[in-house]
Each structure stands twice: as C-alpha cells, then as structure tokens.
Amino acid sequence: MKPKKIKEGVYWAGAEDWDRRLFDSLIPLPDGTSYNAYIVKGRDKTALIDTVDPAKARTLLTFLDSLERLDYIVAQHAEQDHSGTIPAVLKKFPSAMVVSTPKGKEFLADLLELPPEAITTVADNETLDLGGKTLEFLHTPWVHWPETMSTYLKEDAILFTCDLFGSHLASSNIYVEDIAKVCEASKRYYAEVMMPFRSTIKKHMERFDKLRIDIIAPSHGPVHRDPKCIMDYHREWASDKLSNTVVIPYATMHGSTEALVERLTDCLVEKGVFVDRFNTAVTDAGKLAMSLVDAPTIVFGTPTILIGAHPFVAQAAFMVNALRPKVKFASVVGSYGWGGKAVEQIISALSGMKAEILAPVAVKGRPKEADYENIERLASDIVSRHNGLGLI
Ligand code: FEO
C-alpha cells in the first residue's frame with residue numbers, strides 16, 4: 001500500500017483500527033479508531049509526523065518502504081498510540097532524528113527508552129526547513145498531556161494537531177465524509193479525553209485563529225478540509241454555554257432507587273427541564289461523558305450495597321470528578337436497608353469539582369409519600385437554579 005496524497009509532498013500514512021473496542025482499557029470505541037501518521041517531503045529532507053500504535057506498526061513500516069530517506073520523526077505527543085512505533089521506525093532509518101518538546105524528550109526516554117542523542121528538542125515557534133516545506137512547532141501543552149505540541153506546515157496551511165480535534169473513528173476515507181458522524185465521534189473524544197482541559201484548549205485556539213488553516217490533520221479520525229467547522233464545535237464545547245439538562249447516572253437493585261429516579265425525571269420534565277438518564281449497569285460511559293459537555297446539574301441515584309454506594313455509580317462519580325465538566329449543581333438520591341454511607345461516598349467522590357451539593361434524598365426501603373415530597377423539593381430546587389442561570 002502507498003501513502004495517500006493530501007497535497008504535493010504531504011501524505012497520510014496511518015493505520016485504521018476497525019476492531020478496537022476499548023482505549024486505555026476504559027474508553028469505549030464503538031466505531032474503532034485510526035492512528036494517523038503523515039509524511040512531509042521537502043526538496044532536501046523528509047519528516048514523519050507521529051507514528052502509529054505498535055499493534056499497527058507493520059502498516060506504517062510498509063508505507064515507509066516507499067521512502068528513500070527519512071530525516072525527522074516529529075513526536076507531537078509521547079502517548080504510545082502515536083509514539084509507540086518510533087523505535088521500529090528508527091531501526092529502519094537509524095539516522096533519523098526524533099523531534100519533540102523538551103518535556104516530550106523526557107517522556108519518550110521514560111516510555112520508550114529512547115537514547116537522549118536520538119532526540120532533538122524544539123522551542124515554541126521554532127521552525128524546521130525541509131526545503132520548500134517549513135514546519136513550525138507550536139507548543140500546546142495539556143491537550144491532553146503536558147508535553148503535547150502541534151505542527152504547522154506553513155506553505156500548505158496544514159495544522160497537524162495529534163489528539164486535539166481528533167475522533168475515534170475508523171474510516172476508509174481519510175477525509176471527513178459525513179460531518180454529523182465525525183462530529184458525534186469528535187464530541188465523544190472531546191468529552192472523554194479533552195474536557196478537563198477546556199480552558200487550555202480555548203487558549204490554544206486563540207493562537208490557531210491567527211493562522212491561515214486550510215486543513216486540520218489530527219492523529220485520530222478523518223482529516224478536516226473544512227477546519228472552521230470542527231474548530232467551531234470545539235469552541236462551543238469548551239465555552240461556558242450550558243444546556244437546560246439534568247444528567248442522572250444511576251443503578252437499581254430492587255426498584256427503590258429507580259422509583260426515586262423515575263419521580264425526579266417526571267418532576268423535572270413537567271417543569272420544563274430535560275433529563276439524560278443512564279443506567280450504569282448497561283450504559284456506555286462515553287455517552288455519559290458526552291452528556292456532561294454542557295450539563296449544569298448531575299444527580300446520582302444509588303442503592304446501598306453492604307455499607308456503601310453501588311460500585312457502578314461510584315465508578316461513574318469517579319469518572320465525572322476526573323472529567324471536570326462544567327456541572328454547577330450535584331446531588332444524590334438512593335435507598336438503603338439498614339444504614340450505610342452511600343450518599344456520603346458519592347459526595348466525597350466529587351471533591352475535585354466545584355459543584356454546589358443540593359440536599360440529597362436517602363430513603364429507607366421503598367420510597368414513601370414523604371420521600372417523594374423530598375424528591376419534588378429537589379426537582380424544584382434544580383428548576384430554580386436553572387432559572388437563575390437563565391436556562392428556562
Ligand atoms: Fe491518541 Fe493521547 O493519545
């Protein structure tokens with residue numbers, strides 16, 4: 001197979017991973033993913049931008065068979081799905097120099113045991129002339145590791161962004177074909193990976209806005225020939241904009257917690273608030289993450305197992321806390337048999353968030369009329385908060 005031409009001297013040389021269903025043993029990949037590497041050939045020198053996951057090394061190495069020389073391997077990000085094939089590429093082209101940020105050099109040494117002499121570091125805005133093709137390196141830390149950078153190919157106005165603006169989507173077309181499908185996958189990617197860094201993303205995008213960009217070439221998912229579209233979506237996701245939605249992740253064992261969730265849902269919907277409900281026993285964690293991109297309120301529903309929260313709900317709370325969504329209000333509803341600390345456990349799992357905790361509703365056994373009244377009070381409280389934010 002030959003690399004696919006994007007522009008004169010610029011080629012896609014990545015690998016589609018159609019069958020991968022989990023990333024980091026955590027993130028669901030319903031549509032697989034791709035690891036995009038790019039070849040940039042100048043008059044004098046040739047550079048490879050990122051590599052592929054080691055599981056797909058053979059694909060990249062086959063693409064590289066067509067090269068007479070390789071002078072640089074630009075490692076925009078040290079995570080192994082992009083850097084993991086660098087050692088194999090170096091074996092094929094021993095004189096190639098790896099190019100990274102200073103922090104990237106540390107990580108590549110730690111993760112891949114690359115010798116320091118194989119890596120040269122570049123400063124922010126430093127350029128590398130390949131002969132009629134100029135790469136400008138833009139340090140973009142924290143999207144989503146501290147060492148990340150993007151690369152701007154000046155002559156062709158192509159911005160290579162590695163994970164940023166990426167989507168976990170395997171496709172036979174290297175370009176965006178169905179924008180709705182790509183944006184759904186990209187929102188999922190943003191929610192699962194980039195959401196904790198939304199203020200950083202906004203800052204980096206202000207910098208990108210000063211560049212002429214014809215193409216955005218991420219290292220996962222299709223290449224964007226309409227860069228404004230994907231950038232506008234990211235601008236919106238990273239903005240302070242909120243929707244009039246309550247997210248309810250819950251579990252139920254014998255129906256009591258579900259009855260509370262049901263009543264809460266009904267009350268909220270009657271009062272004009274939208275609800276996204278996720279039964280954590282069967283839900284896709286990526287969909288839960290996506291719902292958090294602009295939700296102002298989250299209410300966990302948990303029964304009590306032994307003395308604590310249901311493990312699936314605890315796991316959801318742990319994930320929500322890690323993703324740092326814009327959520328402003330949180331609460332817990334649930335049932336118990338003879339006591340326990342389920343509510344306290346969930347609230348303490350949210351300690352990293354700045355959300356205000358609204359009065360929880362904990363019920364002994366089946367909910368009674370007084371319990372439902374507490375649920376209605378919680379719904380009214382949420383409605384008034386959403387009113388205060390101008391969402392209703
Ligand atoms: Fe696609 Fe952060 O690696």
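Per-structure values
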{"quantity": "Single condition PHE208 does not satisfy, out of (1) within 16 Å of the ligand (Cβ to nearest atom); (2) in contact with a strand residue (DSSP E or B) (Cβ under 7 Å, 6 or more places away or on another chain); (3) more than 28 Å from LYS56 (Cβ to Cβ)", "calculated": "(1)"}
{"quantity": "Residue count for the range 122-133, restricted to those that are in contact (Cβ under 8 Å) with a residue 60 or more places away in the chain and at negative phi", "calculated": "4"}
{"quantity": "Selection status of ASP284, under 22 Å from the mean Cα position of the chain (by Cα) and either more than 17 Å from ALA349 (Cβ to Cβ) or among the basic types (Lys, Arg) (or both)", "calculated": "yes"}
{"quantity": "Selected residue (only one of VAL313, VAL282, VAL332 is among the β-branched types (Val, Ile, Thr), outside any helix (DSSP H, G or I) and either surrounded by 18 or more Cβ atoms within 10 Å (Cβ to Cβ) or touching a Cys at 6+ places or on another chain (Cβ under 7 Å) (or both))", "calculated": "VAL332"}
{"quantity": "Residue list for the range 28-46, filter: part of a strand (DSSP E or B), buried (at least 19 other Cβ atoms within 10 Å of the Cβ) and either in contact with an Asp or Glu (Cβ under 8 Å, 6 or more places away or on another chain) or of a type in the set (Gly, Ala, Ser) (or both)", "calculated": "THR33, SER34, TYR35, TYR38, THR46"}
{"quantity": "Residue, surrounded by the fewest Cβ atoms within 10 Å (Cβ to Cβ), within the range 47-59, restricted to residues that are closer than 24 Å to THR140 by Cβ and away from the ligand (no atom under 15 Å from the Cβ)", "calculated": "ALA47"}
{"quantity": "The range 150-170 residues that are under 10 Å from LEU135 (Cβ atoms), paired with ones that are at pLDDT 95 or above and within 11 Å of the ligand (Cβ to nearest atom) (beta carbon under 8 Å, 6 or more apart)", "calculated": "THR151/GLN76; PHE160/ASP50; PHE160/GLN76; PHE160/PRO218; PHE160/SER219"}
{"quantity": "Qualifying residue in the range 33-51 (condition: more than 24 Å from VAL99 (Cβ to Cβ) and in contact with a His (Cβ under 9 Å, 6 or more places away or on another chain))", "calculated": "yes"}
{"quantity": "Number of positions in the range 138-186 that are more than 16 Å from the ligand (Cβ to nearest atom) and in contact with a Phe, Trp or Tyr (Cβ under 8 Å, 6 or more places away or on another chain)", "calculated": "7"}
{"quantity": "LYS5 being of a type in the set (D, E, K, R), in contact with a Leu (Cβ under 7 Å, 6 or more places away or on another chain) and farther than 29 Å from GLY286 by Cβ", "calculated": "no"}
{"quantity": "Residue in the range 63-102 that is nearest to GLY131 (Cα to Cα), counting only those that are within 16 Å of the ligand (Cβ to nearest atom) and in a helix (DSSP H, G or I)", "calculated": "ILE86"}
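The values are calculated or read from the model by the stated rules, or taken from the named source; none is laboratory data. Since the model is a prediction, treat every value here as computed from it, not as a measurement. Methodologically, a virtual Cβ is constructed for each residue, glycine included, from the backbone with ideal geometry; neighbour enumeration extends over all protein chains shown.
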